[in-house]
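**Student:** I have a structure I would like to understand better, so I am pasting it below and will then ask my questions one at a time.
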Amino acid sequence: MDWASLVGFILVVVGISSGQLMEGGRLSSLVQPAAFVIVAIGTLGAVLLQSRMSTFRRGLRMLKWVISEPQDNSRKNIQDALIWSAVARREGFLSLERYMDASDDAFISKGLRLVIDGVDPARLKDILDVDISLYEIEQRQAAKIWEAAGGYSPTIGILGAVLGLIHVMENLTDPAKLGGGIAVAFVATIYGVGLANLFFLPVSNKLKEIIGREITRREMLSDIFYSIAVGDSPRIVEERVDNHSSQV
């Protein structure tokens, strides 16, 4: 559980609600279904228009990472790497099969398999680096749906405000309908700007941080597998690990 994200979301809600009440306003005045439909559905449509459905679904699944981050195994991987290096040096590459079979990390299994198969170290590094690049592109594209939503929602909110004002102008002769139109106009803008800066963009930045940390972990593992494949001593492998440990 990422308590910072949870506390941050609560503070956003409490801050806006408290400010509204302190100004003598009512919370009910911020609840405008028409404005919400305009902003939410309009933003959803714009994001879908620019994204592939598979990318959009992947981005939605990532939302849970904001509250419950994926487990970070970087420290454990560092410890494991020193063991792999020592075992490979002492018993040979085939001895790493038991670690490959026991791993539930697809990237680690792939790296160990390449080492066990005796793939040329330079070729091994290229294969793993391509795998990392593809992973980065796929994940960052998925995370960008939230950044895109943060870009579109303020504009959609302005469109909602204009629609509300059009409704007001159409009913100038009926004062009873003016209040509702004006409320939709202003609240639509609040929804658009608020969702962008208090939800969509923070979510996007949080996901980018998580993805960046995972890419760093995989780059570290790629260097480790290369070092083991060329037959470096455990001491050299440890130095490679130390070069990456400050980043994870």
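The values are calculated or read from the model by the stated rules, or taken from the named source; none is laboratory data. Just so it is clear, the model here is predicted, and its values are computed rather than measured. Ideal geometry is used to build each Cβ from the backbone, glycine not excepted, and the neighbour counts take in all protein chains shown. Heavy atoms of the whole protein, side chains included, go into the accessibility calculation; ligands, DNA and RNA do not. Shrake-Rupley method; radii C 1.70, N 1.55, O 1.52, S 1.80 Å.
**Student:** Which one of the conditions (1) surrounded by 11 or more Cβ atoms within 10 Å (Cβ to Cβ); (2) farther than 30 Å from F9 by Cα; (3) hydrophobic (A, V, I, L, M, F, W, C) does W65 fail to meet, given that it meets all the rest?
**Tutor:** Unmet condition: (2).
**Student:** Also, I was wondering about something else. Are any residues in the range 42-88 in contact (Cβ under 8 Å) with a residue 40 or more places away in the chain, of a type in the set (G, A, S) and over 30 Å from V230 (Cα atoms), and if so, which ones?
**Tutor:** G42, A46, S51, G59, S68
**Student:** Considering only the range 41-52, how many residues are crowded, with 17+ Cβ neighbours inside 10 Å and part of a helix (DSSP H, G or I)? Steps first, answer last, please.
**Tutor:** If we filter the range 41-52 for residues that are crowded, with 17+ Cβ neighbours inside 10 Å, which is where we start, we get 42-43, 46-47, 51.
Now narrow it down to the ones that are part of a helix (DSSP H, G or I): 42-43, 46-47.
Number of matching residues: 4.
**Student:** Scan the helices (runs of 4 or more DSSP H) fully inside the range 74-178 and keep the ones with 1 or more residues being more than 24 Å from S54 (Cβ to Cβ), touching a Pro at 6+ places or on another chain (Cβ under 9 Å) and basic (K, R).
**Tutor:** 74-91
**Student:** Quick one: in the range 184-229, which of the residues that are of a type in the set (S, T, Y) and either over 21 Å from the mean Cα position of the chain (by Cα) or more than 16 Å from A149 (Cβ to Cβ) (or both) is most open to solvent (accessible area, probe 1.4 Å)?
**Tutor:** Among those that are of a type in the set (S, T, Y) and either over 21 Å from the mean Cα position of the chain (by Cα) or more than 16 Å from A149 (Cβ to Cβ) (or both), it is Y226.
**Student:** Are any of the residues in the range 105-123 in contact with a helix residue (DSSP H, G or I) (Cβ under 6 Å, 6 or more places away or on another chain), open to solvent by 30 Å² or more (accessible area, probe 1.4 Å) and aromatic (F, W, Y)?
**Tutor:** There is no residue in the range 105-123 that is in contact with a helix residue (DSSP H, G or I) (Cβ under 6 Å, 6 or more places away or on another chain), open to solvent by 30 Å² or more (accessible area, probe 1.4 Å) and aromatic (F, W, Y).
**Student:** Sticking with this structure for a sec: For the structure I just gave you, tell me whether E97 is over 23 Å from G192 (Cα atoms), in contact with a helix residue (DSSP H, G or I) (Cβ under 7 Å, 6 or more places away or on another chain) and modelled with pLDDT of 90 or more.
**Tutor:** yes
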